[in-house]
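After the structure tokens below, expect a handful of questions from me.
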Amino acid sequence: MTAPQRSTIHILGLGAMGTVLAVDLLRFTNALVVPLFRSQERLAQFQKANENKVSIRKIYAKGSPLLSYPVEQSECPETFSKKPIDNLVVTTKTYQTKEALAPYLPYINENTNLILIQNGLGVLELLKEEIFTDSKNRPRLFQGVISHGVYQDKAGIFNHAGWAGMKVARLPWTDNDMIQKKSVVENDAAKNSLVKLLTEPKFAKEFGIEHTTYQEMLFGQLFKFLVNACINPVTAILDCLNGEMKDDCGPVFTSIIDECLQILRLAYKPLFDYRDKFNGNEEYPEMDINSILTTDNMVSEVTRIGCEVNSKNSSSMRQDTLFLRDIEIEYINGYVVKLATNLNLDPNCCKVNKTISELASLRLALNRSRSINGDWRKD
Ligand SMILES: NC(=O)C1=CN([C@@H]2O[C@H](COP(=O)(O)OP(=O)(O)OC[C@H]3O[C@@H](n4cnc5c(N)ncnc54)[C@H](OP(=O)(O)O)[C@@H]3O)[C@@H](O)[C@H]2O)C=CC1
Ligand SMILES: CC(C)(CO)C(=O)C(=O)O
């Protein structure tokens, strides 16, 4: 009996999300997991300091030990095997995507499966408009909307703080393909090597994989987008843990969500019209977005998920401002402003998100200034 074919999966971005994915792929599948590092220096650091292992502590499960798994092969642009890439996971920050992909573009073709596992919106448009412009040589695209919470502690250990699963769907290269039939999911589940790997039963159960149509995934992506549009910048601006603002964040979340929904309803009109056009048609999944994506419902959902479920979490954007790293604001609140501009809407219709973006960027600038000029409050 021949051994089962072994899939190879390259991971571009072995940070919090890349690590949590790599560990479970190594634990529950026989895939060859190959991290791609930005430089020989970072590759050497991984080989020396981490001893070629990926490690995580699942602190949502009390008493969970440090899980540590060896990686057989890891590469960087200089050492890359220069062979076509079968399956590529992108788990860099959104604003790092284009630069990170650049060295590997010659090895990405129409037979490559590429999945974006990132927060926010706008990377798909970046890939379409600036990176994969040749329709004859572009990869099969997928998106993972991930709700796990992972942070790196002072000792450099990744801690899996919140378990919440991941939706996976094939992305459309053109807006005409935004609404998919159930058969697209069935076909990928049966034939696509990346989907077959991510839906292997033991891995899928542990990681909480849900393989859906694009419209179902986009619904989840917009829901998560509203969570991030509130929690991430506001906790960064206030410099607080998620749960500290629970009792008083209603008004600012209402302002942000109300403005976001007015613009998202125009930008993703096919999705908001879905119920009347597709519900009842057996070829398509049932969905009722309009009853969920309302301002009142989302203010309470964002508060529940952001300030209660993740109460002790420091949001990824607050972490970025504290560590003086760039923030993903242009792919979250800034993207709402971009959508409004592209739709030729009155600039006043995105003032809240524009101001929130400016304040989050100002918080990062202030932290950077204090690291150089000192904190005047202590003078
Ligand atoms: N952390 C979380 O709990 C959650 C994060 N997300 C989203 O997931 C995405 C990833 O976030 P997260 O994992 O936290 O981010 P991290 O900053 O932890 O990880 C990003 C990784 O990408 C690497 N990277 C950056 N540029 C390159 C490059 N050119 N080549 C190779 N590697 C590169 C970085 O390496 P280096 O150190 O060399 O810069 C880093 O290891 C974001 O969109 C985030 O919003 C979504 C849900 C929750
Ligand atoms: C869910 C939430 C808001 C948890 O903090 C998150 O996704 C993040 O911090 O990026």
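The values are calculated or read from the model by the stated rules, or taken from the named source; none is laboratory data. Computed from a predicted structure; not experimentally measured. No Cβ is skipped: glycine too gets one built from the backbone with ideal geometry, and neighbour counts run over all protein chains shown. The protein model used for the area step is the full one, side chains on, heavy atoms only, and it has no ligands, DNA or RNA in it. Shrake-Rupley method; radii C 1.70, N 1.55, O 1.52, S 1.80 Å.
Which one of 139, 123, 97 has its Cα pushed farthest toward the positive end of the charge dipole of segment 94-231, where Lys and Arg give +1 and Asp and Glu give -1 at the Cβ?
Of the options given, the answer is 139.
List, in order, the whole-Hz ³J(HN,Hα) value for each residue of segment 353-362 obtained from phi through the Karplus relation with A = 6.51, B = -1.76, C = 1.60 and θ = phi - 60°; use x for Gly and Pro.
Along segment 353-362, the couplings run 5, 5, 5, 4, 4, 5, 6, 5, 5, 5 Hz.
Roll a 1.4 angstrom probe over the protein heavy atoms and tell me the percent of accessible area of segment 225-369 that is carbon or sulfur.
On the way: 3570 of 6790 Å².
That share works out to 53 percent.
Also: Looking at segment 111-141, which trypsin sites (Lys or Arg not before Pro) are DSSP coil and have at most 11 other C-beta atoms within 10 Å of their C-beta?
Answer by residue number: 136.
Can I ask one more? Once you list every other residue whose beta carbon is under 15 Å from the beta carbon of residue 187, what net charge do they have if Lys and Arg are +1 and Asp and Glu are -1?
+2
Based solely on its DSSP helices, what 222 nm [θ] is calculated for the chain when runs of n ≥ 4 H residues each add -39,500 (n - 2.57) and the sum is averaged over all residues, nearest 500 deg cm²/dmol?
Calculated at 222 nm, the ellipticity per residue is -12000 deg cm²/dmol.
May I pose another question? Taking the Cα centre of segment 145-278 as origin and charging only Cβ (+1 Lys, Arg; -1 Asp, Glu), how large is the dipole, in debye to the nearest 20? Please list the in-between numbers first.
Working: 15 positive and 17 negative charges, 123 e Å.
Here segment 145-278 has a charge dipole of around 580 debye.
Put +1 on the Cβ of every Lys and Arg and -1 on every Asp and Glu Cβ in the chain; which of 193, 19, 310 then has its Cα farthest towards the positive end of the dipole?
Of the listed residues, the answer is 19.
May I ask you to give the solvent-accessible area per residue for the chain, in square angstrom, as obtained with a 1.4 angstrom probe?
For the chain, the per-residue accessible area is 48 Å².
Can I ask one more? My understanding is that a pair violates if its Cα-Cα distance is over 30 Å; which of 136/224; 53/196; 58/82 do that in this structure?
In this structure, 136/224; 58/82 exceed 30 Å between Cα atoms.
Which of 112, 280, 70 sits closest to the plus end of the dipole of the chain, meaning its Cα is farthest towards the positive end, when Lys and Arg get +1 and Asp and Glu get -1 on the C-beta?
70
Once phi is turned into θ = phi - 60°, what whole-Hz ³J(HN,Hα) does the Karplus curve with 6.51, -1.76 and 1.60 give for every residue of segment 92-108, x standing for Gly and Pro?
Calculated HN-Hα couplings, in order: 7, 5, 3, 6, 9, 4, 4, 5, 5, 6, 3, x, 9, 4, x, 10, 10 Hz.
I would also like to ask the following. Please state the shape class of segment 8-212: rounded when a/c is under 1.5, otherwise prolate if a/b exceeds b/c and oblate if not, all from the C-alpha gyration tensor.
Cα axes put segment 8-212 in the oblate bin.
How big is the gap, in Å, between the Cα center of segment 26-44 and the Cα center of segment 233-279?
Centre-to-centre (Cα) distance: 36 Å.
Which value, in debye to the nearest 20, describes the size of the charge dipole of the chain about its Cα centre when Lys and Arg Cβ atoms bear +1, Asp and Glu Cβ atoms bear -1, and nothing else is charged?
Using only the charged Cβ atoms, the result is roughly 1020 debye.
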